[in-house]
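The structure under discussion appears below in the form of structure tokens.
The values are calculated or read from the model by the stated rules, or taken from the named source; none is laboratory data. Bear in mind the structure is a predicted one, so any value in this text is a computation, not a measurement. So basically every Cβ, Gly included, is an ideal-geometry build from the backbone, and we count neighbours across all protein chains shown. In case anyone asks, the SASA skips ligands and DNA or RNA and just uses the protein heavy atoms, side chains included. Shrake-Rupley method; radii C 1.70, N 1.55, O 1.52, S 1.80 Å.
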Amino acid sequence: GTPVLYYGDEIGMGDNFYLGDRNGCRTPMQWSSDRNAGFSKSSPQQLYLPITIDPEYHYEAINVENQQKNLSSLLWWTRRVIGMRKNYRAFSRGSIEFLYPDNSKVLAFLRRHEDETILVVANLSRFSQAVELDLARFQGCAPMEIFSRNVFPAVRKTPYPLTIGPHGHFWFVLQAANERRREKKRTVVTLKTESTLPNLLADGQRARIERDVLPEYLLGCRWFGAKARAVREMRIVEQVAISDDASAAQLWLLQVDYTDGAPDIYALPVQVATGNNAHALTRSAPQAVIAYLGSKDVILYDAIWDSGFREALFRLMRQGARLRGKNGELVGVKGGLLGQELNEEIPKSQVLNAEQSNSSMLFENRYFLKLYRKLEDGVNPDVEVTRFLTERARFAHVPAFVGSIEYHRPRAEPTVVALLQTAVPNEGDAWALTLDAVGRYFERVLARKGDLQRAIAAPGDLLDELVGGVYPEKAQLIGARTGEMHLALASESEDAVFAPEPFNAMAQRSVYQSMRASLRRAFALLQKKMPDLPEAFRAEAAEVLAAESRILAQEQRILQHHADAAKIRIHGDYHLGQVLYTGKDFTILDFEGEPARPLSERKLKRSALRDVTGMMRSFQYAAYSALWQSATREEDRMFLERWADLWYRQMSAIFLESYLKTTAGAGFLPRKESDLQVLLEAYLLDKAVYEVGYELNHRPEWVVIPVRGIKHILHPE
């Protein structure tokens, strides 16, 4: 039924059972530690019922004023629970269905309303309990814990195990794991053959594989980036056995031709499994199954799930070996670190399940292997920059280069297929660290909501107090490491690939023209999709649309200021998700650049301020993401939006100040402060404009973030 809170329950006030009847819970509300618990200024003898002076519940210890200041208090816990409950209609309007696990000390039930399903599990015992729940009907759903938003392992047909602490509880939302993928469930094609891998393409099945199997499989893969394009055909243009063993996996290179535009090349390692191995893989990694060969007892699957294939890749790099294919060869490239361990046993490996544009494998927490899926001729900037920073610049805050695999063919540049780096022990990326910090900041803001409503116009030193002293130090350190990275990238003067180049008038005009084209594309899309935006947000979007000429004029200012700076190799896709937090320091990852851009464009030298503004924009994304994910009430979210803006501006300023201090006097930054300010604002606007187009195409509900970012850049006060 409906939960009822009697006054005082929210702070654990306690009752005076000596008063008899119902008067025990009718004692004066304990507002503060003042006289009469802040309830009344009258003489204590005039109170209808006495205040509570029992030592355990004394009003000087248990009162609203004290708990309002303590974010870990029962009052704040109750507020969060009420706010979270309001976010899910199933709690107040849904049906209730009890589950009956074997462990009777655990109460479990479902609340359901329309398409919303909540699972509640409560331990009624004072000891930890283990329980298994029958959730087979929700197979494939991923339970998300409501308060932390952590996603638990997906439900299977077998009983779902949970362990709960004394008097603990869980609230789960049963959500479909990858709703889009469930709606478009992939059909696994069955080929009428039981051919082994070496002759699979030679027995008349090639045409069927290219026509039916590969399109069906690739369109369901996260790493296939051309789902929106019309595919004309797919062809296997290369097959390389990964070792001399007859049963070894193969690497296929697939050419994907479209009805318009240039073709793409994708890497697909393949292997065949039979019997129990096939059944086990189908259960544990169904996304790896490419096709059935004759029956479900024989499968063709993605070979990254084959430990032998992963070991063969490692061995290829360690030995610097060459493997011949039909049209070229795979070549292993070893770095200095790998050459020291020629006689060591290859570490055991596993596939990382994180969905991304490449595939990742981990070797005993020592090495991290990245298999690139979309391939282009030329050295991938991820390999190029990582190797330079490791072996020549000696920059310590990147995963060290260990080795790589290249595909060589006549009259073409080498193509990078894989990169091996040292694994970095970490506590997660800076994005997760920042979300936690912003969540705590919002709690501190709400704890002083009454005072802050009067101080919002000029928060002054109060903002520093609310932000706290821990995260600003982290933002400062990220700024310093970013500056050190750029100094390292600019340290080479002889090698033309990395030597800084003048950011002259011609380069500035090229940058401006690119910004202008990006602005026109993004704002044309915004104008087109304006009717689809939430009504409450359209006025802000229209305001930004009307400012198009002002944005263009502000970007055009870069033509009127001689930057007097250099272009250098940069990260290219720099944000909080590209930085790992090790517990004491930060490590910078993934120098591949934006995967949607051509390789030649990602290797261009640019102003270092592109990376700087990318990180500054990331702080705003973190602030709003934490706001939307938190368990706050709707009315509190409206109040917190202004404080989210103040937070990200403060963190951006701290990051920028630290970066400029680290890079003081560097040749890749303008010497004049006025020139620096012009470039910084232009790149911030360009980044926010790019985000408008990206969000309209991928996450329309998030377009409010870059739109407000543009407003803040145009109106900094």
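The set of residues from the range 409-443 being assigned to a helix (DSSP H, G or I), in contact with a Ser or Thr (Cβ under 7 Å, 6 or more places away or on another chain) and hydrophobic (A, V, I, L, M, F, W, C) comprises LEU435, PHE442. Listed by position, the helices (runs of 4 or more DSSP H) inside the range 600-717 whose residues that are under 22 Å from the mean Cα position of the chain (by Cα), of a type in the set (Ser, Thr, Tyr) and under 26 Å from LEU552 (Cβ atoms) number at least 2 are 609-629, 634-662, 673-698.
Within the range 266-309, the set of residues being charged (D, E, K, R) and open to solvent by less than 10 Å² (accessible area, probe 1.4 Å) comprises just one member, ASP302.
Restricting the range 428-459 to residues that are closer than 24 Å to SER618 by Cα and of a type in the set (Gly, Ala, Ser) leaves a set whose member that is modelled with the highest pLDDT is ALA430.
Take the conditions (1) outside any strand (DSSP E or B); (2) over 27 Å from ARG444 (Cβ atoms); (3) free of Cβ contacts under 8 Å to residues at least 24 places away in the same chain; (4) not hydroxyl-bearing (Ser, Thr, Tyr); GLU97 misses just one of them, which is (1).
Pick from GLU543, GLU548, GLU535: which is modelled with pLDDT under 90 and of a type in the set (Asp, Glu)? If you could, list the steps in order and put the result at the bottom.
Values: GLU543 fails: modelled with pLDDT under 90; GLU548 fails: modelled with pLDDT under 90.
Result: GLU535 is the single residue among GLU543, GLU548, GLU535 that is modelled with pLDDT under 90 and of a type in the set (Asp, Glu).
The rows are residues; the columns are (1) open to solvent by 30 Å² or more (accessible area, probe 1.4 Å); (2) among the aromatic types (Phe, Trp, Tyr); (3) within 23 Å of LEU446 (Cα to Cα); (4) modelled with pLDDT under 90.
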| site | (1), (2), (3), (4) |
| --- | --- |
| ARG22 | yes, no, no, yes |
| GLN30 | no, no, yes, no |
| SER43 | yes, no, no, yes |
| TYR48 | yes, yes, no, yes |
| THR52 | no, no, no, yes |
| PRO55 | yes, no, no, yes |
| VAL64 | no, no, yes, no |
| GLN68 | yes, no, yes, yes |
| SER72 | yes, no, yes, yes |
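Just to be sure, is PRO101 under 48 Å from the mean Cα position of the chain (by Cα) and either open to solvent by less than 30 Å² (accessible area, probe 1.4 Å) or among the aromatic types (Phe, Trp, Tyr) (or both)? First the steps, then the outcome.
Details: under 48 Å from the mean Cα position of the chain (by Cα): yes; either open to solvent by less than 30 Å² (accessible area, probe 1.4 Å) or among the aromatic types (Phe, Trp, Tyr) (or both): yes.
Yes, satisfied.
Screening the range 121-136 for residues that are open to solvent by 40 Å² or more (accessible area, probe 1.4 Å) and not small (Gly, Ala, Ser) and picking the one that is nearest to LEU110 (Cα to Cα) gives ASP134.
Residues that are of a type in the set (A, V, I, L, M, F, W, C) and modelled with pLDDT under 85 number at least 3 in none of the strands (runs of 3 or more DSSP E) confined to the range 140-233.
Just to be sure, is ALA563 loosely packed, with under 15 Cβ neighbours inside 10 Å and at pLDDT below 90? Break it down stepwise before answering.
Details: loosely packed, with under 15 Cβ neighbours inside 10 Å: no; at pLDDT below 90: yes.
So ALA563 fails the test.
Condition first: in contact with a Leu (Cβ under 6 Å, 6 or more places away or on another chain), open to solvent by less than 60 Å² (accessible area, probe 1.4 Å) and either assigned to a helix (DSSP H, G or I) or under 25 Å from MET638 (Cβ atoms) (or both). Can you find one or more residues in the range 87-94 that meet it? Checked against the condition, which is being in contact with a Leu (Cβ under 6 Å, 6 or more places away or on another chain), open to solvent by less than 60 Å² (accessible area, probe 1.4 Å) and either assigned to a helix (DSSP H, G or I) or under 25 Å from MET638 (Cβ atoms) (or both), the range 87-94 yields no hits at all.
Let me confirm something: among SER43, SER32, which residue is out of contact with any helix residue (DSSP H, G or I) (no Cβ under 6 Å at 6 or more places or on another chain) and either under 26 Å from LYS449 (Cβ atoms) or among the small types (Gly, Ala, Ser) (or both)? The unique qualifying residue is SER43.
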